[in-house]
Amino acid sequence: MAEPVIEVRDLVRKFGHRTVLNGITFTVEKGDTMIIMGGSGCGKSTLLRHIIGSLRPTSGSIKIFGRETATMTPDEMDKLRQRFGMNFQFGALLQSLTVGQNVALPLMENSNVDAGIIDLVVKMKLELVGLTGFENLKPAEISGGMRKRVGLARAVALDPELLFSDEPTSGLDPIMTAVIDQLTLDLTRKLDMTAVVVTHDMTSAFRIGTKMIMLGAGKRAGTIIAFGTPDEVRNHPDPEVQQFIKGEPDGPVPLKLAPEDYIESLLGRERSKGVNY
Ligand SMILES: Nc1ncnc2c1ncn2[C@@H]1O[C@H](COP(=O)(O)OP(=O)(O)O)[C@@H](O)[C@H]1O
Ligand SMILES: [Mg+2]
């Protein structure tokens with residue numbers, strides 16, 4: 001079998017005394033779309049940031065295209081990152097630039113391509129995400145779903161071999177989520193990319209993933225509690241996994257308070273101060 005595109009082994013990351021990643025081991029094969037899922041704050045973004053080399057492991061190994069990145073110099077890492085496309089939750093678009101200029105950014109930073117070629121590539125990428133004719137608008141002049149699509153176009157501007165996305169559909173309605181998912185599928189299939197996508201949206205996860213890992217909570221925080229194909233994860237015997245993929249509020253991960261109880265407790269506090277509702 002060919003060498004994996006990404007190989008993470010015994011990855012441990014501590015922030016102070018807190019161990020956020022605790023012995024993470026998995027591989028991503030060429031052509032896979034690996035989903036990283038799990039509850040809010042379980043370490044998904046932290047794991048992704050280690051893979052792209054913006055955070056260094058406390059211990060463990062991360063190999064990309066067969067090369068160890070945990071010990072790479074910043075220059076070597078930058079060079080490797082030219083083969084990545086990154087579509088990040090907080091890597092927002094630059095508001096002062098147009099849509100077209102935002103998509104052109106990685107091209108201007110990473111290659112000595114002339115302006116005519118850049119224009120052409122920007123047009124092609126915007127067409128790929130269904131935004132032909134929007135290049136001269138500013139991010140503030142288009143919808144949230146369109147901004148997410150621009151982010152995706154920018155991430156694939158250099159035809160990366162590896163695409164990383166952190167919550168590409170968060171805050172979008174189900175229809176726009178389906179549009180972004182379809183785009184991700186098109187891009188990964190048409191351009192033959194390998195992708196790692198962080199999401200807590202289970203519909204999205206099962207729509208685009210070819211492999212999945214789920215990070216645990218509570219006693220199993222920082223560890224992988226499920227790994228496999230979408231079918232394997234869907235049929236996973238672990239009750240915490242089932243609770244998460246079915247979105248059930250009751251289960252091994254207890255909600256401290258149901259939302260109504262929470263509101264009631266807030267109202268109660270106000271009432272005790274003599275405020276009436
Ligand atoms: N740079 C950091 N310094 C300290 N704690 C951090 C840092 N980055 C993340 N964390 C902590 O690690 C945990 C996991 O965060 P994160 O990876 O963002 O979760 P997720 O993306 O799954 O919601 C959180 O408790 C967060 O506060
Ligand atoms: Mg996150």
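The values are calculated or read from the model by the stated rules, or taken from the named source; none is laboratory data. Here the structure is a predicted model, which means the values were calculated and not measured. Cβ coordinates were reconstructed from backbone atoms using ideal geometry, including for glycine residues, and neighbour counts include every protein chain displayed. The protein model used for the area step is the full one, side chains on, heavy atoms only, and it has no ligands, DNA or RNA in it. Shrake-Rupley method; radii C 1.70, N 1.55, O 1.52, S 1.80 Å.
Here are some notes:
- Scanning segment 32-65 for residues being more than 8 Å from ligand 1 (Cβ to nearest atom), of a type in the set (Gly, Ala, Ser) and either at pLDDT below 95 or touching a helix residue (DSSP H, G or I) at 6+ places or on another chain (Cβ under 8 Å) (or both) gives a total of 2.
- If you go through segment 213-227 and keep only what is surrounded by fewer than 14 Cβ atoms within 10 Å (Cβ to Cβ) and not charged (D, E, K, R), you end up with just GLY218.
- Under the condition of being within 9 Å of ligand 2 (Cβ to nearest atom) and polar (S, T, N, Q), the residues counted in segment 27-51 number 3.
- Wholly within segment 12-81, strands (runs of 3 or more DSSP E) carrying at least 2 residues that are out of contact with any Ser or Thr (no Cβ under 6 Å at 6 or more places or on another chain) and hydrophobic (A, V, I, L, M, F, W, C): 18-28, 33-37
- Candidates ASP201, ASP192 - the one that is modelled with pLDDT under 95, within 16 Å of ligand 1 (Cβ to nearest atom) and open to solvent by 10 Å² or more (accessible area, probe 1.4 Å): ASP201
- Counted residues, segment 10-29 - those being aromatic (Phe, Trp, Tyr) and farther than 11 Å from THR46 by Cα: 1
- Filtered residues of segment 10-31 (kept if open to solvent by less than 80 Å² (accessible area, probe 1.4 Å), without any contact (Cβ under 8 Å) to a residue 12 or more places away in the chain and among the charged types (D, E, K, R)): none
- Pairing residues of segment 157-172 that are touching a residue at least 12 places away in the same chain (Cβ under 8 Å) and hydrophobic (A, V, I, L, M, F, W, C) with residues that are part of a loop (DSSP other than H, G, I, E, B) and open to solvent by 40 Å² or more (accessible area, probe 1.4 Å), at Cβ distances under 7 Å and at least 6 apart in sequence or on separate chains, gives LEU158/GLN82; LEU162/ARG83.
- Whichever residue in segment 228-246 is open to solvent by 60 Å² or more (accessible area, probe 1.4 Å) and under 20 Å from THR203 (Cβ atoms) and, among such residues, is modelled with the lowest pLDDT: LYS246
- For PHE88, the criteria (1) within 16 Å of ligand 1 (Cβ to nearest atom); (2) surrounded by fewer than 19 Cβ atoms within 10 Å (Cβ to Cβ) hold in every case but one, which is (2).
- Only listed residue being surrounded by 15 or more Cβ atoms within 10 Å (Cβ to Cβ) and either within 16 Å of ligand 1 (Cβ to nearest atom) or not in a helix (DSSP H, G or I) (or both), chosen from LEU137, LEU107, LEU97: LEU137
- Residues that are open to solvent by 10 Å² or more (accessible area, probe 1.4 Å) and under 29 Å from LYS246 (Cβ atoms) within segment 32-59 comprise ASP32, GLY39, SER40, GLY41, CYS42, LYS44, SER45, THR46, ARG49, listed in sequence order.
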